[in-house]
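Q: Let me begin by handing over the structure; questions about it come next.
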């Protein structure tokens, strides 16, 4: 009886993982259908035991089949419980900027990391203000906060205890 249960659990776990991959692919496909040539994955990780010390690994992928992308810039702000912008310890201004200066060919990706960052208060949300990038022919593109929701997937990393 126990053996059958373990086999069922393993099968369920494998199916669950496959479902997650399908959802991510669907979101990338939808972004491409809306005309966006890039897709961004952002992880949120706590550094040490202090929840105010965070690191954000960011992965930018060119999902376009034929368009190259250059100079991607992503502007972020941290928000507290009251949705007010939080200052960053040791900085005069509250914005965070991820810059990828390298050209991304179709199907390629690049990474940048924000952090480790120490916020002056508990961070409730890291909000993307805007994303800008250049495509072939030096055509500049700007995505506002609403458009960014179509091209970004946030993932919370498990906390280490």
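Bear in mind that the values in this text are calculations on the coordinates, not laboratory data. Only a predicted model underlies this, so the values are computations on that prediction, with no experimental measurement involved. With ideal geometry, Cβ positions are generated from the backbone for all residues, glycine too; neighbour counts draw on all protein chains shown.
Q: Report the convex hull volume per residue for segment 54-127, counting only C-alpha atoms, in Å³.
A: Numbers: hull volume 6.7 nm³, N = 74.
Normalising the Cα hull of segment 54-127 by residue number yields 90 Å³.
Q: Calculate the FRET efficiency for residue 85 and residue 132 from the Cβ-Cβ distance with a Förster distance of 22 Å, rounded to the nearest 0.05. Don't jump to the answer; show the numbers that get you there.
A: Numbers: r = 20 Å, r/R0 = 0.90.
Once the sixth-power term is evaluated, E becomes 0.65.
Q: When the Cα centres of segment 57-75 and segment 129-157 are compared, how far apart do they sit, in Å?
A: 8 Å
Q: Quick one: give the max-minus-min coordinate of the C-alpha atoms of segment 106-154 along each principal axis, largest first, in Å.
A: 43, 23, 18
Q: Further question: What's the ranking of 29-36, 117-124 by average number of surrounding C-beta atoms within 10 Å, highest first? Before the final figure, lay out the partial values.
A: Numbers: 29-36: 14.0, 117-124: 15.9.
Per-residue mean Cβ counts within 10 Å order the peptides as 117-124, 29-36.
Q: While we're here: Could you sort 66-79, 99-112 so that the peptide with the highest average Cβ count within 10 Å comes first and the rest follow in order? Could the numbers behind the result be given before it?
A: Numbers: 66-79: 18.1, 99-112: 14.1.
The most tightly packed comes first, giving 66-79, 99-112.
Q: Compute the distance in nm between two label points, each set 7 Å from the Cα along the Cα-to-Cβ direction, one at residue 92 and one at residue 26.
A: 4.8 nm
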